[in-house]
Amino acid sequence: MKKRKLGNTDIYLSAIGFGGAPIGNLFEKLDDSTCYKTLESCHDSNINLYDTSPYYGYGLSEHRLGNFLKKLKSDSYYLSTKVGRYLTPEKEENINRGKWAGGLNFSPNVDYSYDGVMRSFEQSLHRLAASKVDICLIHDVDNYTYGNQVDYYFNIAMKGAYKAITKLKEEKVIKAIGVGVNNSDICKRFAEEGEFDCILLAGRYTLLDQSGLHDCLPIAEEKNIGIILAGVFNSGILAKGIGDNITYFYDKIPESIKIKYNEILRICNRYKVSVSAAALQFCYANKQVASMIIGMDRKEQINNNLSDLKVKIPNDLWNELKKANIIDERCILP
């Protein structure tokens, strides 16, 4: 699998990375055996980026991932986790699990202060029990998560979280620092006010949403900040199509997006190319993108994604998507 350098760092990431939300029981309760088999398949497929967060299953994703990674040679993978929430023990019946179908018996506490982030990171080290953490990201400081309170959390994050993870990098506890967000405009603000190595952007540079072109990608290019994309299938629609249980940004699919998706499907069908293959190759065509993190919980998903990267897609397909105003004129194509 191809590897690309992450911004100014000496980190080279595989085209596809493993997203740890599913093994935190996102929407579905998975048993340990299924999770470890999936992780083994990732490693066997030369995937070298594993991303998680304390928020995923309230510690369960980190626990499972660390339990697997500790058996590997430390130079065979890169581990990414996030800060902004520390966990406290809680009675099972009192936990609001939200979109998590199960998890550990902890409750998340939002805290972007210096002390809160150091507490979060220390907890992560204990849960992961791995010999290292390579990348540390300030998590979810965006409109998607906090709405009109985002300025409040941004200011706290820059005064606290940013200083904390910068110190961890200076002490060589981690190799790279960044932000992991769901909106692209906030990336510009972070990049202007701090020195970051990478941005993990979810769902904002895809076949359905290219808002990252307006703010995130330009400043990342200017400052040589590495880009890791998540949500390249926009929480499922670009991989599974339109269905009763399929979502867009983990919510009901808007009619305008259904229309756009059906146009993508029509054009892809004409060239006998799957929408998922077009979605992956579109994202990776931009050389700023070091890796694409995908939530995978079955071996078949890993195989399908790797195969999709190798599919030959004719230039005419991309030209038709541009003519249909699906793809912005500024986008770099395969």
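Data overview
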| read-out | value |
| --- | --- |
| Nearest-0.05 FRET efficiency for Glu170 and Asn224, computed from C-beta distance (R0 22 Å) | 0.70 |
| Computed E for Leu309/Lys132 - FRET, C-beta separation, R0 25 angstrom, nearest 0.05 | 0.35 |
| Calculated FRET efficiency for the pair Arg270/Asp75, C-beta based, R₀ 51 Å, to 0.05 | 0.70 |
| Tensor-based shape of segment 206-308 (alpha-carbon gyration tensor, a/c under 1.5 rounded, otherwise prolate or oblate) | prolate |
| In segment 258-306, the chymotrypsin sites (Phe, Trp or Tyr not before Pro) that fall in loop regions by DSSP, at most 14 other Cβ within 10 Å | Tyr271 |
| Nearest 10 degrees, 0 to 90: helix 275-285 Cα axis against the chain principal axis | 70 degrees |
| Length added when fully stretched, Asn94-Lys322, from 0.36 nm per residue minus Cα-Cα | 77.1 nm |
| Loop-resident sites, segment 97-130, for trypsin sites (Lys or Arg not before Pro), counting at most 15 other Cβ within 10 Å (DSSP) | Arg97, Lys99 |
| Under 19 Å from the Cα of Lys272 - aspartates and glutamates, other chains or at least 8 residues apart | Glu263, Asp308, Asp316, Glu320 |
| Scattering curve values for segment 51-138, log₁₀ I(q)/I(0), Debye with Cα scatterers, q = 0.10, 0.24, 0.26 Å⁻¹ | -0.24, -1.18, -1.31 |
| The chain: Rg to Rh, with Rh as the Kirkwood radius over Cα pairs | 0.95 |
| Amide hydrogen neighbours beyond the local backbone of Leu200, cut-off 5 Å, H modeled | Val179, Gly180, Val181, Ile228 |
| Label-point gap, in nm, between Asn155 and Asp32 - each point 7 angstrom along Cα→Cβ | 4.6 nm |
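None of the figures in this text is laboratory data; all of them are computed from the coordinates on show. As the structure is a prediction and not an experimental result, all values here were calculated from the model. Counting neighbours? That spans all protein chains shown, and the Cβs are built from the backbone with ideal geometry, glycine included.
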